[in-house]
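Okay, so here's the structure we're looking at.
The values are calculated or read from the model by the stated rules, or taken from the named source; none is laboratory data. Predicted, not measured: the structure shown is a model, and the values here were computed from it. Neighbour counts are summed over all protein chains in view; Cβ atoms, including those assigned to glycine, are modelled from backbone coordinates with ideal geometry. These accessible areas exclude ligands, DNA and RNA; they are computed on the full protein's heavy atoms, side chains included. Shrake-Rupley method; radii C 1.70, N 1.55, O 1.52, S 1.80 Å.
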Amino acid sequence: LTGAYSVYCPSNTIPQNGELVLPDTYEGKPVTSFLSEHTSDEIILIDLVNQSTSTYEGPAYMGITKVRLSASLKTIGLGALYKASISSVYIPNTVTSIYASAFEGCKSLQDVTLSTKLITIDSFAFADCLSLTSITIPDSVKKIGGGAFARSGLTKIKIPMGVTGIESYTFYGCTALSEIEYESKNLSTMGKGAFDNTLWYSNQPDGFVCFRIFLYDYKGEMPANTSLTIPAQIKKMANN
């Protein structure tokens, strides 16, 4: 970015006390991006149903136990805190984007305060955050990427009205997720497996599983020669 700087933390420079402090400025210019050592834009998107390997091959920051983000930060980049051992993070209100795998694998992460100006939570951003039982997604968010909270510890979630599509595997494997709140009438797309292997799905009776105007799935064994009538409120089909 013109007139600004990005910073990254090579894994061999993590402070011994595990506390990472990002500068607000460098050479008098604001620090606006926090990146991982791995700066490639290539992300391996996998089938979460059949595989358990990571979606990101950058460095693991298990030595980081505490982080203070720059007050001027605008983006948290690809894998920025991948597998860090942090338990909490405050994301300043200047941040508009959290990129793929930014907090993926942060298994101790319990407390996240998101920016009130956040627009994008990218793919797998909080995947495998096992201790993350709740998070407040601000109304400013327009996009939640595929697998963004996959296999996290969420028990309930409120999806902001500005989010018009739920992508594939967004909440896949959140086995404690029982409550999904979504108020917008503008839901236009529903990805494959978005709510598979959640408590919400387990609590649905056999037969058609519906989410708002979407026919999400058919649950259970379908007897031969079954005749099905799609409910009148259904306007669209989920992918696959």
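Scanning segment 1-22 for residues that are at pLDDT 80 or above, in a loop (DSSP other than H, G, I, E, B) and of a type in the set (Gly, Ala, Ser) yields one hit, GLY18. Would you say SER123 is part of a loop (DSSP other than H, G, I, E, B), at pLDDT 95 or above and of a type in the set (S, T, N, Q)? In short, no.
Screening LYS236 against (1) open to solvent by 40 Å² or more (accessible area, probe 1.4 Å); (2) free of Cβ contacts under 8 Å to residues at least 40 places away in the same chain leaves a single unmet condition, (2). Screening THR94, THR136, THR155 for residues that are at pLDDT 95 or above, touching a helix residue (DSSP H, G or I) at 6+ places or on another chain (Cβ under 9 Å), open to solvent by 10 Å² or more (accessible area, probe 1.4 Å) and of a type outside the set (Asp, Glu) leaves exactly one candidate, THR155. Looking only at residues that are in a strand (DSSP E or B) and under 22 Å from the mean Cα position of the chain (by Cα) in segment 172-213, which one is surrounded by the fewest Cβ atoms within 10 Å (Cβ to Cβ)? Of everything passing the filter in segment 172-213, GLU181 is surrounded by the fewest Cβ atoms within 10 Å (Cβ to Cβ).
Looking at SER108, SER88, SER123, just one residue is touching a residue at least 24 places away in the same chain (Cβ under 8 Å), open to solvent by 30 Å² or more (accessible area, probe 1.4 Å) and of a type in the set (Gly, Ala, Ser), and that residue is SER88. Of all residues in segment 95-105, those being in contact with a strand residue (DSSP E or B) (Cβ under 8 Å, 6 or more places away or on another chain) and either in a loop (DSSP other than H, G, I, E, B) or touching a residue at least 60 places away in the same chain (Cβ under 8 Å) (or both) number 5.
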